[in-house]
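For reference, the structure is listed below as structure tokens.
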Amino acid sequence: MIRTRITELFGIDHPVVCGGMTGLGTAALVSAVADAGALGFLTALTQPRPEDLAKEIARTQERTDRPFGVNLTILPTIRPVPYDEYRAVIVESGVKIVETAGSDPAPHLPDFHAAGVKVLHKATSVRHALSAERKGVDAISIDGFECTGHPGEDDIPGLVLIPAAVAKLSVPVIASGGIATGSGLAAALALGADGVNMGTRFMATAEAPVHENVKRQIVANGERDTLLVFREFHNTARVARNSVSEQIREISRRPGATFADIADLASGVRGRENVLGAGDMEGGLWWASQAQGLINDIDTCAGVVSRVVSEAEEIISRRLPSLVGR
Ligand SMILES: Cc1cc2nc3c(=O)[nH]c(=O)nc-3n(C[C@H](O)[C@H](O)[C@H](O)COP(=O)(O)O)c2cc1C
């Protein structure tokens, strides 16, 4: 067993988190992660309406009696999102852990804290993490440049970002981005983090609600099979390399290009339906990180968590001590 401030704070067995993933953060995956002794997050906005989130939370509670959380990603959208209603559903459902991401968590903190909900905020820079800590979040997940999703514009990889964040923050820190193995967990703990967050690794699990082709592609891909897109529009995203992401990059680099020129190719609905749903790997944009280079199989969530933890224990308790004082 590896006990840290994160296992204490969230009442989980292992310092391992499966961050919110749009389209994947549903009862099937999150309950499997919870039963494995780790912490999974439903994604609020995967559910079209707040009442659908209430049902998905209930479905997860039926499947597991272990702790799990809900991710609230706050991003500018074309259609306004009723964030207050989603927040109210989370509070009323009795869920006690929330992962915020995308922008300032402050407007949501009073309600969450009044209901005894612990807030884990995902940040991609030390300055944003410090700002969230000052506003009162309970823990920080810090996403290095290796990650999928939005790594920010600073391009600082985890080897620097994680200890830089740990040095400045007082709250527990979860290392995120490019982690898929026990050596990643051991390294994160060595850098001062209290646990790890993994997204891409949990995508290639039996319980992940995506087409088998997606899982097989992650196993086949290497660490070079990602691309940075939307850089020109100051909203950098790391996605899997395919013909659609290559095309987006090529069009974006043309002089005078605007987001409207790539909006159809970049459509989230297209990626979710064609790639994640139907398994057409060239059918849209899909998200995966450099961790693809470390993933060599499709396993169950329980298998992933137990391997990551036992490999980290082996490294910490045998391999590293054997190097000291010889
Ligand atoms: C398919 C997919 C969808 C994701 N959607 C979200 C999201 O909606 N909100 C969010 O905060 N993070 C999202 N993430 C990021 C993950 O929560 C996590 O921070 C990231 O995957 C960590 O990097 P890794 O993939 O290298 O482990 C997503 C990741 C993937 C793979």
**Request:** Filter region 54-84 for residues that are among the β-branched types (Val, Ile, Thr) and part of a helix (DSSP H, G or I) and give the result.
**Result:** ILE57, THR60
**Asked** THR181: more than 30 Å from ARG270 (Cα to Cα), among the hydroxyl-bearing types (Ser, Thr, Tyr) and within 13 Å of the ligand (Cβ to nearest atom), yes or no?
**Response** yes
**Any hit, region 248-267, residues being aliphatic (A, V, I, L, M) and either touching a Gly at 6+ places or on another chain (Cβ under 9 Å) or in contact (Cβ under 8 Å) with a residue 40 or more places away in the chain (or both)** = yes
**Request:** Working carefully through the options VAL196, VAL210, VAL219, VAL173, find the one that is touching a residue at least 24 places away in the same chain (Cβ under 8 Å), surrounded by fewer than 19 Cβ atoms within 10 Å (Cβ to Cβ), among the aliphatic types (A, V, I, L, M) and under 27 Å from ALA32 (Cα atoms).
**Result:** VAL219
**Request:** Considering only region 7-50, state which residues are polar (S, T, N, Q) and near the ligand (Cβ under 9 Å from one of its atoms).
**Result:** THR22, THR43, THR46
**Prompt:** Could we say that GLY25 is assigned by TED's automatic domain parsing to the domain that holds VAL119 and out of contact with any Pro (no Cβ under 7 Å at 6 or more places or on another chain) here?
**Reply:** yes
**Request:** Evaluate region 287-308: report whether one residue or more is acidic (Asp, Glu), touching a helix residue (DSSP H, G or I) at 6+ places or on another chain (Cβ under 8 Å), in a loop (DSSP other than H, G, I, E, B) and surrounded by fewer than 16 Cβ atoms within 10 Å (Cβ to Cβ).
**Result:** yes
**Request:** Determine which member of the set ARG238, ARG253, ARG231 is within 14 Å of the ligand (Cβ to nearest atom) and of a type in the set (Lys, Arg).
**Result:** ARG238
**Prompt:** Which ones in region 104-146 are among the hydroxyl-bearing types (Ser, Thr, Tyr) and under 15 Å from PHE41 (Cβ atoms)?
**Reply:** SER141
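Listed residues LEU294, LEU276; which is touching a His at 6+ places or on another chain (Cβ under 7 Å), within 15 Å of the ligand (Cβ to nearest atom) and within 28 Å of ALA38 (Cα to Cα)?
Step by step, each of LEU294, LEU276 is checked, and only LEU276 is touching a His at 6+ places or on another chain (Cβ under 7 Å), within 15 Å of the ligand (Cβ to nearest atom) and within 28 Å of ALA38 (Cα to Cα).
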**Asked** Only one residue in ALA101, ALA132, ALA139 is under 13 Å from the mean Cα position of the chain (by Cα), modelled with pLDDT of 95 or more and in the same structural domain as GLN47 (by TED's automatic domain parsing), so which one is that?
**Response** ALA101
**Fill in**
Residues of region 26-53 being assigned to a strand (DSSP E or B), more than 22 Å from SER306 (Cβ to Cβ) and not β-branched (Val, Ile, Thr), in sequence order, are LEU42
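Quick check on this structure: which one of VAL244, VAL196 is within 16 Å of the ligand (Cβ to nearest atom), outside the structural domain of ALA34 (by TED's automatic domain parsing) and modelled with pLDDT of 95 or more?
It is VAL244.
The values are calculated or read from the model by the stated rules, or taken from the named source; none is laboratory data. What you see is a predicted model, and the numbers here were worked out from it, not measured in a lab. Every residue, glycine among them, receives a Cβ derived from its backbone with ideal geometry; neighbour counts consider all protein chains shown.
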